[in-house]
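A quick write-up on the structure given underneath.
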Amino acid sequence: MLKHWKDIYFSLDLIRSAINLQDFLKLIDETRFSKSDIKKAIYRYEKFWLPLCAKMSEDKFDLFEYYPPLDVAWIWHCHLLSPTEYKKDLENNFGKIFPHSCLSYNDILFKQQKTANVWQNATGLSFEHNKPNSIDASYKQFKSKFSYDLIESSERQKSFYYQVFLPHYRSSKFLKLALDRYKKFLFLKKQNQELFIVPCYAIDIIWHSHQLHPIEYNKDCLKIMGKIFPHDDSVNDRSEGSKLVNSFSQTMQLWKSTFKEEFFFSGGMYRGPVPNESEYVKSDDLKLDNYFDRVFLLLIDELSFENEKIAVNISLLMEKIESKESTPSKSNHIKSREILINELEKKFGIELNENEYNNFKLRFKLKKENIIEKLIDIFEYGPNHENGIDSIHLETPFVHNKLSQEIKFRLKLKNLFLPGYLKYTVMNTNKQLNSIKFNFIKRDFEQVNMLDIIDQYKSFNLKDRIKNENNFQGLKACHELKVGKNLITIYNAEILHVPRLKWSSIRLLYDGGCVASAHLIDSSQLPSAAQVESSFVTLNTENERALLVRDRAGDFAIIKAIWLGKKKGTLGHLAVTIFQLNNKPKINLKVYVLYQSFEFILSGLKVHLSFINGYVNLKMIENVCNDDFERVLCISLGISLLHVLLQPKPYLTIDKTELKLEEDLAPYKRRMCPIKLIDINQFSLLDIIGYYDLIQQDNFRDMALSRKKRSNFRQWIDLRIETYNFLTHTNNNLMECDALDGNGCDTCEGNGACDGGGGC
């Protein structure tokens, strides 16, 4: 009599088998059999492989030393996952069942090499399924003798790999916990044999691994259950009131009452429907290299100071950010050449890329007898602008991106006035750089009814969460990504926030179709740190958020972030980790709110992300394709989204007279320094995500008040509060003034006016 789940033991190592199973499923996922391939595979399995197993068994061959072609192995796999049907079909046709085991990737390839000759000698057919002679003439008349529908089973099972695809399913620690849950699952079924007990996917991968060893599975089930435990994968309707949904609810209740714990298992639950390739498009017709930055030549045609002999150093200035540990620098010399004015070379030129051409300024370093060396930004000042003892008087307006211009100016150095004349030309060299700048043009966020757009988000599993509520609101904007000097739109960035679900998504659109996406995921998909080894991606739902990035090829990366370092005197920073799901190293970033840009390298691209100017510049350092550009763009937007969601924010209050939300000044009265809203004019990329729209500035207020109804205002306020709760962590929102702990505050003298800076 089984008294406790801990009394359950198995005949094999199910943890190793579960890891090997993922090797096999990955091979199948990469091969992508068509419906025609599956029909032929069933023929090859039933007509050739199983009879070959029967003959080798009679001849005393060790069947564990052989492995079938991959298409046949997949059908065998599907058959084994109905253990009662597998037993019945094989005993009826061959008199016994044949053994099977889960092999690692290397073992599969090694044993297939040995099996290929045996197969070809016995059948006269190609071992590989995609060769012309993989089947014989009798295929057209073939009709299966098995009772189990292997075509339908194959269709159902192909979605299983997506559910167990994330890296933590290879964690021994996670699988050990899953194994314990599988034991509890069997114990629960033993105690309630009349009920349909539903496993989560962490349990399911262990259960599948067990069934794929039919000899051991049957033996263990007879010992534990008194009979073979059937596996019915045909119950997959998740609509409200279905057998699966009702049985799952019943399983959760039984689990809690039996084991005194929740059934929910972080990282091991249903991930949602498998993303359909048809939901994503390819941008093969887009030639991004047509938009790569061009190289221009800045030619100084003439420069004169009324025949004065002055040493001149002509320098090009651009905005440049120093390392993240320093404050943003002023303009830096990045190109320069020293010449004598009377020996000015004809057509003296400085090469510029397209970004520099749109932003350049000229600076002259002048040196004359008895005049100390002085740097002059000749186009920085307007007419009559005084700068200490030196001044610049522009008599002709300077246009920074004009292709050709003649400029007259007067330069004052101490008591010396120097009339000057400059003529320059900017020429296209027809050379290109391997970089492209994407400028974001913001469009307004709008309130949307989620039921009206839900079909666009099938793979995000929103429909089950929204149910059929008619007034389930979201906030949506579709911005433009423009490239080149003429700012041509080639992509759109669609941002969607659903505050009630605490969920957001990004979709990168090309020609109306989605090429890449990123959306928030929770602990149903990611484990906690206690469940896995330190090398695996985890999620602490108290202070972390994570995004899943995917495209037509499937899941590509997980971006996880946490806000760190917030204390008196500093706002802290966003710590970002990018986990690539293609076995490449993870990337760690620190994003400081006071810095206006940062860089990182990903997928063969050097990424320069500018918060202040709202652009992403991508430079190729390896050969890459459109997919890489699109994934990196999505990840760049994802980092900005996590910044908006996690950055500490001030408390807000409702001004019912002015019908607006505003910052709560009450903390000042408590001698506390509240965190202020950032100036969105300084961080336009965060504005693209919706920082300002979602917190204070409201494009929805006019919509809500269009009919002058107070009830509309109340509805609007409810939405604002709901949205704000979604964006704000309620703890650690305030910083104390140093005056409170007796240290004093040099800046505000303890009155809170320093806003948490300068001594606070």
* To do: Answer with yes or no whether residue 453 is open to solvent by less than 90 Å² (accessible area, probe 1.4 Å), within 29 Å of residue 687 (Cβ to Cβ), modelled with pLDDT of 75 or more and outside any loop (DSSP other than H, G, I, E, B).
  => yes
* Filtered residue count, the range 110-128, keeping only those that are open to solvent by less than 70 Å² (accessible area, probe 1.4 Å), of a type outside the set (Val, Ile, Thr) and out of contact with any Lys or Arg (no Cβ under 8 Å at 6 or more places or on another chain) -> 7
* **Verdict on residue 57 being of a type in the set (Ser, Thr, Tyr) and surrounded by fewer than 18 Cβ atoms within 10 Å (Cβ to Cβ)** => yes
* Structure fact -> Listed by first then second residue, the pairs whose first member lies in the range 54-83 and is of a type in the set (S, T, N, Q), whose partner is surrounded by fewer than 18 Cβ atoms within 10 Å (Cβ to Cβ) and in a helix (DSSP H, G or I), with beta carbons under 7 Å and at least 6 positions apart or on separate chains, are 57/63
* Structure fact -> Given the conditions (1) of a type in the set (Phe, Trp, Tyr); (2) more than 24 Å from residue 15 (Cβ to Cβ); (3) in contact (Cβ under 8 Å) with a residue 24 or more places away in the chain, every one holds for residue 165 apart from (2)
* **Filter result for residue 182 (crowded, with 19+ Cβ neighbours inside 10 Å, over 28 Å from residue 65 (Cβ atoms), in the same structural domain as residue 38 (by the TED database) and in contact with a Leu (Cβ under 8 Å, 6 or more places away or on another chain))** => yes
* **Hits in the range 463-514 - residues which are in a helix (DSSP H, G or I) and open to solvent by less than 80 Å² (accessible area, probe 1.4 Å)** => 464, 466, 499, 501
* Structure fact -> Of (1) under 25 Å from residue 505 (Cβ atoms); (2) open to solvent by less than 50 Å² (accessible area, probe 1.4 Å), residue 582 fails just (2)
* Kindly indicate the residue of the range 164-195 that is part of a helix (DSSP H, G or I) and farther than 27 Å from residue 257 by Cα and also farthest from the chain's Cα centre (by Cα) among those meeting that condition. => 172
* Asked: Which number in (1) touching a Pro at 6+ places or on another chain (Cβ under 7 Å); (2) open to solvent by 30 Å² or more (accessible area, probe 1.4 Å); (3) part of a strand (DSSP E or B) marks the one condition that residue 545 misses?
  -> (1)
* **Filter result for residue 574 (crowded, with 21+ Cβ neighbours inside 10 Å and farther than 24 Å from residue 482 by Cβ)** => yes
* To do: Name the residue, out of 8, 15, that is of a type in the set (Val, Ile, Thr) and open to solvent by 20 Å² or more (accessible area, probe 1.4 Å).
  => 15
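The values are calculated or read from the model by the stated rules, or taken from the named source; none is laboratory data. Bear in mind the structure is a predicted one, so any value in this text is a computation, not a measurement. Positions of Cβ are backbone-derived with ideal geometry, glycine not excepted, and every protein chain shown enters the neighbour counts. With ligands, DNA and RNA removed, areas are computed over all heavy atoms of the protein, side chains included. Shrake-Rupley method; radii C 1.70, N 1.55, O 1.52, S 1.80 Å.
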